[in-house]
1. What net charge do the residues around residue 211 carry, taking every other residue with its C-beta under 9 Å from that of residue 211, with Lys and Arg at +1 and Asp and Glu at -1?
2. Rounded to the nearest whole Å², what accessible area per residue is found for segment 153-257 with the 1.4 Å probe?
3. Please report the equivalent ellipsoid semi-axes of segment 184-232, computed as sqrt(5 x eigenvalue) of the Cα gyration tensor, largest first, in whole Å.
4. Summarise the accessible area of segment 33-113 (1.4 Å probe, protein heavy atoms) by the percent that is carbon and sulfur.
5. Could you pull out every residue, at least 5 positions away or on a different chain, whose amide H is within less than 5 Å of the one on residue 253? Hs are placed 1.01 Å off N in the peptide plane, and Pro or chain starts have none.
6. Can you pull the one-decimal nm distance between simple spin-label points at residue 236 and residue 36, each 7 Å off the Cα toward Cβ?
7. Can you give me the % of accessible surface on segment 153-247 that is carbon or sulfur? Probe 1.4 Å, all protein chains present, nothing else counted.
8. Using the structure shown, list the pairs from 163/188; 178/241; 170/232; 188/209; 163/245 with a Cα-Cα distance above 28 Å, or answer none.
Amino acid sequence: MHRGKGMKFVGDSRIKSYEKPKLNRDYSEFPGKTESFWPDFLLKEWMTGAVFLVAYLCLTVAHPSPLERVADPSDTGYTPLPDWYFLFLYQILKYTYASGPFNTFGAIVMPGIAFGALMLAPWLDRGPERKWTKRPLASGFMLLSVAVIFYTTWESSHYHDWKQQAAQGKIVFTNLDKKDPTYEKIIKSNCTSCHGGELTGGSGPNLVKANLPAAGVEAFVKNGSGSMPSFKDTLTEEQIKEVGKFIEGLEETDENGKPLKN
């Protein structure tokens, strides 16, 4: 062997030169079938992302997200609804075995088992087959999960009262003064659970649009009406008159506080 033949100098050491035929050849040897990562591939990715972003921005401008009135924790008549991608979980909580005394099971245990199985899927299904028809257990569980999610999402959407949802979340401006002593001491603890914190309706009717006279309000409070109980044993005559006067003075306004024209 000639001195230095087949050897490469690396610092103070000499190593033998090896051919490495198993390495991928340069992408330029496959014209039209591959490309360089920079800038060709990244440029196309950025252009695609820019088109999607512009389209999404146009969609949000044309159809902005619907806003509801400010959340009021004292309004027990409000029925919340999660986003569409959580409707299947929301629907499961309505079933007997996942609600009431079994609420923990429906809210934590069931979703925990499902998502835990999804995370452990690579270790639970380690078969060499890639074709889904030859993996009956994994494919069966996947199809069952998709079917359950689709069905419960549809059921939740189909049986939900969307008109009530829109009405209870509608932003309404009124001259309601929550700092008024009558509201703080009487109405807040006796009326808002049914009529809403803004008194614009919940399980009970809208007291702002009703335009009730004081005498009519007093009669309802004393004697009750339908599912509304009587408060004659709960409130004094003076308190009932205060409620009647307060409700009579309610009216809708614009966002600047000016009364709306009837």
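1. Net local charge, residue 211 excluded: -1.
2. With the other protein chains kept in place, segment 153-257 gives 60 Å² per residue.
3. Working through the eigenvalues yields semi-axes of 15, 13, 11 Å.
4. It is 73 percent, rounded to a whole number.
5. Residues meeting the amide H criterion: 173, 174, 175, 260.
6. With each label point 7 Å from Cα toward Cβ, the separation is 8.9 nm.
7. 54 percent
8. Exceeds cut-off: 170/232; 163/245.
The values are calculated or read from the model by the stated rules, or taken from the named source; none is laboratory data. Just so it is clear, the model here is predicted, and its values are computed rather than measured. Heads up, the Cβs are rebuilt from the backbone with ideal geometry, glycines too, and the neighbour counts pull from every protein chain shown. Protein only, heavy atoms only, side chains kept; ligands, DNA and RNA dropped before computing areas. Shrake-Rupley method; radii C 1.70, N 1.55, O 1.52, S 1.80 Å.
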